[in-house]
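Following: one structure in structure tokens, then a few remarks.
The values are calculated or read from the model by the stated rules, or taken from the named source; none is laboratory data. As the structure is a prediction and not an experimental result, all values here were calculated from the model. Glycine also receives a Cβ, built like all others from the backbone with ideal geometry; neighbour counts cover every protein chain displayed. Ligands, DNA and RNA are stripped out before the accessible areas are found, and what is left, the full protein with its side chains, is counted by its heavy atoms. Shrake-Rupley method; radii C 1.70, N 1.55, O 1.52, S 1.80 Å.
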Amino acid sequence: MNRGPAPFRTGVLVIGAGLAGFRAALAARAAAPDLPLTLACPVSGPSGSSFANRNNALGMQVPDPEGDPGFEAEVLALAAPGFADPDLAALLRQEGAARLADLLDWGLEFRRRADGSLARIPGCFSDVPRAVVFDNLGQAFERLRGQALAAGVCFREGLEARLLLKEEGRAAGALFRAVDGTGRCIAARAVVLAAGGPAPLFARQMSGPGNTGLSYGLLDAAGARLANAGFLQFFWNDVVSGRFVPPSSVLAAGTVLHGPLGELRLGPDHPALAQAGSRSRHCPAGYGLADAALDELLLAQRGADGLVRLTTAQGREFCLECCAHAGNGGAVVDQDGRTSVPGLFACGECATGMHGANRLGGAMVLATQVFGARAGAGAARWAQGCEEPRLMDLPDLPQPESQELAARIRAGMERHCLFGPRPGLEGFAAELAERAADSMLARAALTVARGLLP
């Protein structure tokens, strides 16, 4: 395989241009102003869940560093059946306000009350009004990109990460596929992976363009320890309008579900309906929560095409799809964003430990800023203390998956990994394991599948 010219060399390599990637790059530059710093990403414009989501808005939890002792309790209560580290959750509370101040200084436009103060609302899974919201994500992207350019960050756009490189047991850079199909190598003394989550592994997903879905596979192939990989957020959306539809808004007494076995009319005593009030308090489905009964009711009524058709008691017809949105798993990191691989750091949707199977609404944006800053600074410190990698014998760039294989993997994820394990998961995982050595997409999907197996 043509890998292109000799490796481009840098001190710190940040992979990903979302909220986490920009924050890591800016922190690395501040920690080591004279260290070469490169940010590599697949596209040149807004992308991923950070800057290209369909709502054109993002919420951010901002707990009071001193006066919100219940924040960690909420985070940890939502973690089961996944894993969360109390020390990482505490850092979100302790440093969130400072990271919000950074975003305000950089010109992001947050919603405000009539008196000019920041508007605060409860995020999903919480009754505490501590979340703030910013709109106009394209403008937010340009503001952060402008900050990075002004700080001297070197951008390498049009590069899709396909393999993380190691030398003598430590991170040494990455191999990329350029838009023309050729390979590119960037050698680095430290690497920060901020490449988004696994939603694009599913046929129906809403993560925004520019996310390959390969981050878990890249981490796994590099030998990083993963956790919570099977836990993603899933939303119900209207197929026609693309809008989010809360299950509690369409499932009530008198609703008729047009499922594969015929019509099911819900009576007032249907057990799932007892959870409608709780389910109305959060957008994504919740693992291990009683109100997941409404999501399971819809999933059981999917047709052969994977869609749910229903008629409400008021006569409104809906065609719903369950869409993967964002991951809660990834590399297990410490307080400085370090993974189990020396010199490899992670932040954003490909890092975990600060939340578990479920997370508060707006907690991911908070995590991108707190742990993006910590990962970037940590990577800069690491890079200053180690030698430049030689990379004398580069591996071949992995071949791209065929369209047929990619479609098969994504269809399999829909059948077997949609909001928890589904029938046939063990066989699907075995099929993925056979392909994982030759397909990074299969390897990434396998991490999610294994994360759902007992």
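List of remarks:
- Taking the numbered list (1) crowded, with 17+ Cβ neighbours inside 10 Å; (2) assigned to a helix (DSSP H, G or I) in turn, ARG184 passes all entries but (2).
- Each residue in the stretch 121-163 was checked for being open to solvent by less than 10 Å² (accessible area, probe 1.4 Å), closer than 30 Å to GLU72 by Cβ and aliphatic (A, V, I, L, M), and 5 pass.
- Looking only at the stretch 299-318, and only at residues there that are out of contact with any strand residue (DSSP E or B) (no Cβ under 8 Å at 6 or more places or on another chain) and of a type outside the set (Lys, Arg), the one that is surrounded by the most Cβ atoms within 10 Å (Cβ to Cβ): ALA313
- Scan of the stretch 128-164 for residues that are assigned to a loop (DSSP other than H, G, I, E, B) and in contact (Cβ under 8 Å) with a residue 60 or more places away in the chain, ordered by number: VAL128, ARG130, ASN136, ALA151, GLY152, VAL153, GLY158
- In the stretch 1-87, counting only helices (runs of 4 or more DSSP H) that sit wholly within it, the ones holding 3 or more residues that are without any contact (Cβ under 8 Å) to a residue 60 or more places away in the chain span 70-79.
- The stretch 85-118, subset of a type in the set (A, V, I, L, M) and open to solvent by 30 Å² or more (accessible area, probe 1.4 Å), residue farthest from VAL332 (Cα to Cα): ALA114
- Filter result (surrounded by 18 or more Cβ atoms within 10 Å (Cβ to Cβ), farther than 18 Å from PRO284 by Cβ and not charged (D, E, K, R)) within the stretch 45-83: PRO46, SER47, PHE51, ALA52, VAL62, PRO63, PHE71
- The criterion of being closer than 30 Å to THR311 by Cβ and either touching a strand residue (DSSP E or B) at 6+ places or on another chain (Cβ under 7 Å) or open to solvent by 30 Å² or more (accessible area, probe 1.4 Å) (or both) does not hold for VAL192.
- Check on GLU296, at pLDDT 95 or above, within 30 Å of SER126 (Cβ to Cβ) and surrounded by fewer than 17 Cβ atoms within 10 Å (Cβ to Cβ): yes
- For the stretch 319-327, the criterion of being of a type in the set (Asp, Glu), outside any loop (DSSP other than H, G, I, E, B), touching a residue at least 60 places away in the same chain (Cβ under 8 Å) and open to solvent by less than 20 Å² (accessible area, probe 1.4 Å) is met by no residue.
- For the stretch 211-230, the count of residues that are within 18 Å of ARG54 (Cβ to Cβ), crowded, with 24+ Cβ neighbours inside 10 Å and in contact with a helix residue (DSSP H, G or I) (Cβ under 6 Å, 6 or more places away or on another chain) is nonzero.
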